[in-house]
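Since the structure comes first, as structure tokens, the remarks are kept for the end.
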Amino acid sequence: MTDVDPRRLIPRTDHLMALPEVAAARERLGDTRIRTVIRDLQDRARRGELPPEQVSRAVVDRLGSTPSTSLHPVLNATGVIVHTNLGRAPLSEAAVAAVAAATGYVDVELDLATGARSRRGAATRDALLRSCPAAQDALVVNNGAAALVLATTALARDREVVISRGEMIEIGAGFRLTDLMASTGARLREIGTTNRTHLHDYADAIDDDTGCVVKVHPSNFRVEGFTSAVPLPDLHHLCRERRVPLVVDLGSGLLAPDPLLPDEPDAATALAAGADLVIASGDKLLGGPQAGLLLGTAELIGRLARHPLARAVRADKLALAALEATLIGPIPPVTRFLHADPEHLHRRTDRLAAAVGAPVVPHDGRVGGGGAPGVPLPGLAVRLPEAAAKALRLGDPAVLARVHDGACLLDLRCIPDADDDRLTDAVQRALTSIGTRD
Ligand SMILES: *Cc1c(COP(=O)(O)O)cnc(C)c1O
């Protein structure tokens, strides 16, 4: 009797690559990733951890469950609508379809009627101007930070940017808007104090060396008590008199006022009050893709668009497509979540609580992403033991809950109705895995 070394029974790479299921997965995953999976499972078989005759099956199974990228879709049960760690605004179905349609060759910079080159993203610009008629012209760049860098570079490089000390903010992950502006070669001329800045502070600071006045919406914190900031119309009169551009960084991306967020500034109001240039993000309250929106006078937008830096921060075709669809299409998820009907939210929360045997507690959602700081969005949450949070994060689908006061809270505000059943199943599995259920 001769013993065959079981390792000789491990299927060879070319045999595995030729399996119909593996050939089919090549379109989606590519050769390199498939070979990595094959090598890993062959190694396991060599170490005796996997019977050789099961290698083929294991390869097919593993490829079937290998996602195209390492990003995991997450159900956002935090109640925070614009969650930066979760990629901010989820796109509307219309925007998703627009992105898919733009992935191939598209006429992003071509006039099909004449065959000549056209202005890049002209349709997106038109959509922006229709949504914000107070602007004479618009330009879309990569993100809000890029818009601010472009504006300060074009208007104030080697000159001064006048800014109130009450508006020198850090926007997250250690990034400070002031450092960003200073990196362009503009000099910051800080005026006023943290809590109070007056019109005469601006008037004293503006001189021949002023490139622009920047007014930043302090979007992620609030100063209360003995405070004073200069209203835009007053600043507008001063800037016009001194012939200095007035740039307003709104952050949040509201194009028009939202009655639910009375303190949140919007582009239409800022332009009407005399801003020459307004800067906002596309993926905050606007509910679109990552983008930086510049809205303002034809003269300033033209100057920015012609600046060499504009080419380095230009928006890609996928963002332009998603932004246009967000502006002209159905109400985006961010707006729906913000204006969620309380009774409907109540019914859904009760249903989840009953299905998993957990209590309902009052819970305030938030705008997040540096918008409407301190403004609660009253709602509800299902309360689970704290240990459920980790099991939920690591489950499939991954669920991000809010951990607060020793509990794991599930707020349904930012979960689409269509995902309620998946969420219920995920919660049941999480509770079973932490042993509160058998
Ligand atoms: C968020 C924010 C930015 C940065 O915008 P991004 O799109 O994240 O680059 C700039 N200014 C303010 C006031 C903001 O709130």
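Nothing in this text is a laboratory measurement; each read-out follows from the coordinates by a stated rule. All values reported here derive from a predicted model rather than from experimental measurement. Note that we place each Cβ from the backbone using ideal geometry, even for glycine, and neighbour counts take in every protein chain shown.
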Excluding residues fewer than 8 positions from Lys215 in its own chain, the lysines with Cα under 18 Å of it are none
In whole angstrom, how far apart do the alpha carbon centroids of region 226-278 and region 384-438 sit?
-> 41 Å
On full extension of the chain, what length is gained from Asp179 through His339, given 0.36 nm per residue of separation minus the C-alpha to C-alpha distance?
-> 54.1 nm
Antiparallel as a % of all DSSP beta bridges within the chain, to the nearest 5?
-> 55 percent
At 7 Å along the Cα-to-beta-carbon direction for both Val96 and Leu199, put a label point, then send me their distance in nm to one decimal.
-> 5.1 nm
Please identify, among Glu241, Glu27, Glu170, the residue showing maximal mean-square fluctuation in a Gaussian network model of the chain using a 10 angstrom Cα cutoff.
-> Glu27
Length-normalised contact order of region 180-296, Cα under 8 Å, at least 6 apart, in percent, tallies to 20 percent
Would you please name the trypsin sites (Lys or Arg not before Pro) within region 21-120 that are DSSP coil residues with at most 16 other C-beta atoms within 10 Å of their C-beta?
-> Arg47, Arg119, Arg120
Neighbour-count ranking for Leu380, Leu285 (other C-beta within 10 angstrom, fewest to most) reads Leu380, Leu285
Straight-distance crosslink candidates among lysines, where the alpha carbon sits under 23 Å from Lys317 and sequence neighbours closer than 8 are dropped = Lys284
Return the loop-located trypsin sites (Lys or Arg not before Pro) in region 192-240 (DSSP other than H, G, I, E, B) with at most 14 other Cβ atoms within 10 Å of their own Cβ; answer none if there are none.
-> Arg222
Helix-derived [θ] at 222 nm for the chain: sum -39500 (n - 2.57) over DSSP H runs of at least 4, divide by residue count, nearest 500?
-> -11000 deg cm²/dmol
Pseudo-spin-label distance Leu394 to Thr32, built 7 Å along Cα→Cβ, given in nm, is 3.0 nm
Choose one answer from Leu16, Leu110, Leu246: the residue with the largest mean-square fluctuation in a GNM of the chain with alpha-carbon springs under 10 Å.
-> Leu16
Length added when fully stretched, Val223-Arg306, from 0.36 nm per residue minus Cα-Cα | 26.1 nm
Length added when fully stretched, Leu260-Asp316, from 0.36 nm per residue minus Cα-Cα | 16.9 nm
Looking only at Pro385, Pro373, Pro265, which one moves most when the chain is put into a Gaussian network model with springs between Cα atoms under 10 Å?
-> Pro385
Putting +1 on Lys and Arg Cβ atoms and -1 on Asp and Glu Cβ atoms, find which of Leu238, Val216, Gly192 reaches farthest to the positive end of the dipole of region 192-241.
-> Val216
Any idea what the dipole of region 281-421 comes to, in debye rounded to 20, about its Cα centre with Lys/Arg Cβ at +1 and Asp/Glu Cβ at -1?
-> 600 debye
Once both label points are put 7 Å beyond Cα along the C-beta direction, the Asp417-Arg130 separation in nm becomes 2.7 nm
Could you give the distance between the Cα centres of region 57-122 and region 318-336, to the whole Å?
-> 12 Å
